[in-house]
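Please read the structure below before turning to the comments.
The values are calculated or read from the model by the stated rules, or taken from the named source; none is laboratory data. The structure displayed is predicted, hence computed values, not measured ones. When we count neighbours, we look across all protein chains shown, and the Cβ atoms used for this are built from the backbone with ideal geometry, even at glycine. Just the protein is used for accessible areas: all its heavy atoms, side chains included, with ligands, DNA and RNA removed. Shrake-Rupley method; radii C 1.70, N 1.55, O 1.52, S 1.80 Å.
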Amino acid sequence: MRRLVAETRLHPAELILPMFVREGASEAIPVGSMPGVVQHSLDSFKAALADAAAAGIGGVNLFGVPEHHDATGSGATDPDGILNVAAAIARQEVGDALVIQTDLCLDEFTDHGHCGVLDADGRVDNDATLVRYAEMAVAQAAAGAHLVAPSGMMDGQVAVIREALDAAGFADTGILAYSAKYASAFYGPFREAVDSQLQGDRRTYQQDPANRREGLREATLDLAEGADIVMVKPAMAYLDVLADVAAVSDVPVWAYQVSGEYAMVEAAAANGWIDRDRAILETLTGIRRAGADAVLTYWAVEAATRLLDR
Ligand code: PBG
């Protein structure tokens, strides 16, 4: 009876796996703060893509870990840059089975670790960054991304990316907009996963956790600029924002269950303090119940496999 009357269901197709691909790695390198998550070599990446496709998840969301960083993040727009190479491999290997998504942000590629380029005073320059994002979007679409995923929270980024993609002949490449992205402590383990160079914080461009209405405003702006999907991030501490966005959005609404959310459950489970398997599906169910049509989660493949077994 409970199964029959359940209001919310999880399905593998609604799960998206974030993946890290490290330039120059000869084998997968574990991320210490995220047990079970690795920085992939190209070989381990291909194997993991095949596993993800076999599990029937909806897509993969790719992050590059480059060997070299510079002020403008030039690796981000280089066709031979690690993220563009990874996107091309993913498109080739599993592009018919999975939606290939690329993180569209400069932080993995800059030597200061910020999501944009800096002005003479060392502050993130919103409009100069938009120029780089436009170039990055075209590079990622050319590499084979189905969806580009701007995560840098620059004002106007969705409109600029849409225009650049259309002008370059990539009208079919979609935009997954990180719309309401909060300046969160829960990104901590991710910084290890991408060898982040960040000094300082992102509070001049990511949102204040205190603000709910502002999250809805950001999503509404992205919808007007042409976002194909809007996203709220992190997930669990922002379910109210997620519900607000889901109530007004006329495009799919996704949520990102971030590294710190993953690490909390894994750490508690490792201590025997929590029933890991139940906790994982409960968090995903809660995020779906609050309004997410799909969820980015580091447990995507494991959860999908367990759902298929039920
Ligand atoms: C920025 C980006 C971040 C995450 C995804 N994209 C880090 C940040 O904004 O500081 C975090 C994801 C996670 O914590 O799992 N490119």
Verdict on Val230 being assigned to a strand (DSSP E or B) and more than 12 Å from the ligand (Cβ to nearest atom): yes
Glu93 vs. criteria touching a strand residue (DSSP E or B) at 6+ places or on another chain (Cβ under 9 Å), open to solvent by 40 Å² or more (accessible area, probe 1.4 Å) and not small (Gly, Ala, Ser): no
Cβ-Cβ under 8 Å pairs, at least 6 apart or on other chains, the stretch 207-231 side over 21 Å from Leu130 (Cα atoms), far side open to solvent by 20 Å² or more (accessible area, probe 1.4 Å) and of a type in the set (Val, Ile, Thr): Leu216/Val248
Scope the stretch 197-227; condition in a helix (DSSP H, G or I) and either among the acidic types (Asp, Glu) or within 13 Å of the ligand (Cβ to nearest atom) (or both); matching residues: Glu214, Glu218, Asp222, Glu225
Residue list for the stretch 139-189, filter: closer than 23 Å to Leu118 by Cβ, of a type in the set (A, V, I, L, M, F, W, C) and part of a helix (DSSP H, G or I): Ala139, Val158, Ala159, Val160, Ile161, Ala164
Residue check, Arg123 in contact (Cβ under 8 Å) with a residue 12 or more places away in the chain, of a type in the set (Lys, Arg), within 16 Å of the ligand (Cβ to nearest atom) and more than 30 Å from Gly56 (Cβ to Cβ): no
Single condition Gly144 does not satisfy, out of (1) touching a residue at least 60 places away in the same chain (Cβ under 8 Å); (2) on the phi > 0 side of the Ramachandran plot: (1)
Candidates Ala137, Ala168, Ala142, filtered to the one that is crowded, with 16+ Cβ neighbours inside 10 Å and under 19 Å from the mean Cα position of the chain (by Cα): Ala137
